[in-house]
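Peer 1: What follows is a single structure, and I will ask about it in a moment.
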């Protein structure tokens, strides 16, 4: 749907008021009038972290009546299946504990001018300008703390950083995530390699570091106008630019921190083959799993890699290295040196007696998951990347 068909500057005179705060009061009064009692709670208009209360079935229905949009149109605005929205409008679903997603509700409120858009300012950790100097005489090596900020801002994986800086991947993982790595220590890298890394990461200067990341144009479009959800790297770059951790940002927009973190992982948008050859589970034509298959197996069953390494008589150090190194290395596609007896003992202990369960789980493992449209859109609004959509109500309501 083309939102421009409905887009129009908010006219507060439509309700005979002159400000957003007055409009909110009108909205509350409107609900009370339409419903016939005081069931409308003003907390449904609050931001998530400031005491938001999900709207009731009656409040959702009256909101729909107030703006004059159909269930299908409202659902399409926020990429919700219309039948799911219809369920939210049923008293039975509400009694069962089903609630409208915060960001969908907030998107409607902001789009129809009922509440002011949330505004957040990006937080920027201090970086010295000399680490960006293209003049080797003025350049200073980055501190580990600065290195961590730059890598987070770039959205690169540990393996990509290791490749670009010509460092061993375990060392990069230690410097970026190790609690024993001194953040005040210098990163031992030569000038040319570091500057090339900054250029590749599209952060060649301090100004570029402060500026918002260059987001793909299709991620900034409205739903129905060619919108494509951000991939994990794009999302990591954006969150890093805000200066907040994924779980902190999740708290502003009412989603589970674990989900926000998951959307930033490459696993969430995996498009590679996540299948496991059925011979791995056969007896007569058995072959050992490749490391790629073993990792898929561990992922879909939420298994501890170190425990699996022990049970398969696979070195824990080998497992650590395998988990850290790049997936496109040929040896990860070759059968591992695992004894058939040890493998089937593991399968028996996990009560896996046929490949049917595994096939269902691997199908889900290979499916891509993206941050919800309304959540992403509200984040872009909050940090001023794009202006909020302004939509017209299709019916006039008496505010008195």
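Peer 1: For the stretch 284-363, which helices (runs of 4 or more DSSP H) that fit wholly inside it have 3 or more residues that are without any contact (Cβ under 8 Å) to a residue 12 or more places away in the chain, out of contact with any helix residue (DSSP H, G or I) (no Cβ under 9 Å at 6 or more places or on another chain) and in the same structural domain as residue 161 (by TED's automatic domain parsing)?
Peer 2: Working: elements: 291-300, 305-311, 316-324, 340-349.
Per the criteria, no element qualifies.
Peer 1: While we're looking at this one, here's another question. Could you check, for the stretch 254-261, whether at least one of its residues is modelled with pLDDT under 90 and either crowded, with 16+ Cβ neighbours inside 10 Å or part of a helix (DSSP H, G or I) (or both)? Steps first, please.
Peer 2: Step one: filter the stretch 254-261 for residues modelled with pLDDT under 90, giving none.
No, that holds for no residue.
To keep it simple, each residue is scored yes or no on (1) out of contact with any helix residue (DSSP H, G or I) (no Cβ under 7 Å at 6 or more places or on another chain); (2) farther than 20 Å from residue 322 by Cα.
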| site | (1), (2) |
| --- | --- |
| 133 | yes, yes |
| 136 | no, yes |
| 142 | no, yes |
| 147 | no, yes |
| 159 | no, no |
| 175 | no, no |
| 186 | yes, yes |
| 194 | yes, yes |
| 197 | no, yes |
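For every residue, the table says whether it meets (1) in the same structural domain as residue 175 (by TED's automatic domain parsing); (2) surrounded by 14 or more Cβ atoms within 10 Å (Cβ to Cβ); (3) without any contact (Cβ under 8 Å) to a residue 12 or more places away in the chain.
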residue: 53; (1), (2), (3): no, no, no
residue: 93; (1), (2), (3): no, yes, no
residue: 97; (1), (2), (3): no, no, yes
residue: 142; (1), (2), (3): yes, yes, no
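Peer 1: What are the pairs with Cβ atoms under 8 angstrom where one residue, in the stretch 64-77, is in the same structural domain as residue 225 (by TED's automatic domain parsing) and the other, located anywhere, is modelled with pLDDT of 90 or more? Sequence gap at least six, or different chains.
Peer 2: Pairs found: none.
Peer 1: Which of the residues belonging to the stretch 74-121 are outside any helix (DSSP H, G or I) and out of contact with any helix residue (DSSP H, G or I) (no Cβ under 8 Å at 6 or more places or on another chain)?
Peer 2: 96, 97, 121
Peer 1: Right, residue 49: at positive phi and modelled with pLDDT under 90 or not? Don't jump to the end; show me each part of the working.
Peer 2: On the way: at positive phi: no; modelled with pLDDT under 90: yes.
So residue 49 fails the test.
Peer 1: Right, another one. Can you give me the number of residues within the stretch 209-225 that are assigned to a helix (DSSP H, G or I) and under 15 Å from residue 151 (Cβ atoms)? Spell out the reasoning first.
Peer 2: Within the stretch 209-225, the subset assigned to a helix (DSSP H, G or I) is 209-210, 217-220.
With under 15 Å from residue 151 (Cβ atoms) added as a condition, the list becomes 209.
So the count comes out to 1.
Peer 1: Then there's this: Which residue out of 200, 119 is closer than 30 Å to residue 46 by Cβ and outside the structural domain of residue 240 (by TED's automatic domain parsing)? Give the steps one after another, and end with the answer.
Peer 2: Working: 200 fails: closer than 30 Å to residue 46 by Cβ.
Result: 119 is the single residue among 200, 119 that is closer than 30 Å to residue 46 by Cβ and outside the structural domain of residue 240 (by TED's automatic domain parsing).
The values are calculated or read from the model by the stated rules, or taken from the named source; none is laboratory data. This one's a predicted model, so the numbers in the text were calculated from it and none came from an experiment. Here Cβ is always computed from backbone atoms with ideal geometry, including for glycine, and neighbour counts include all displayed protein chains.
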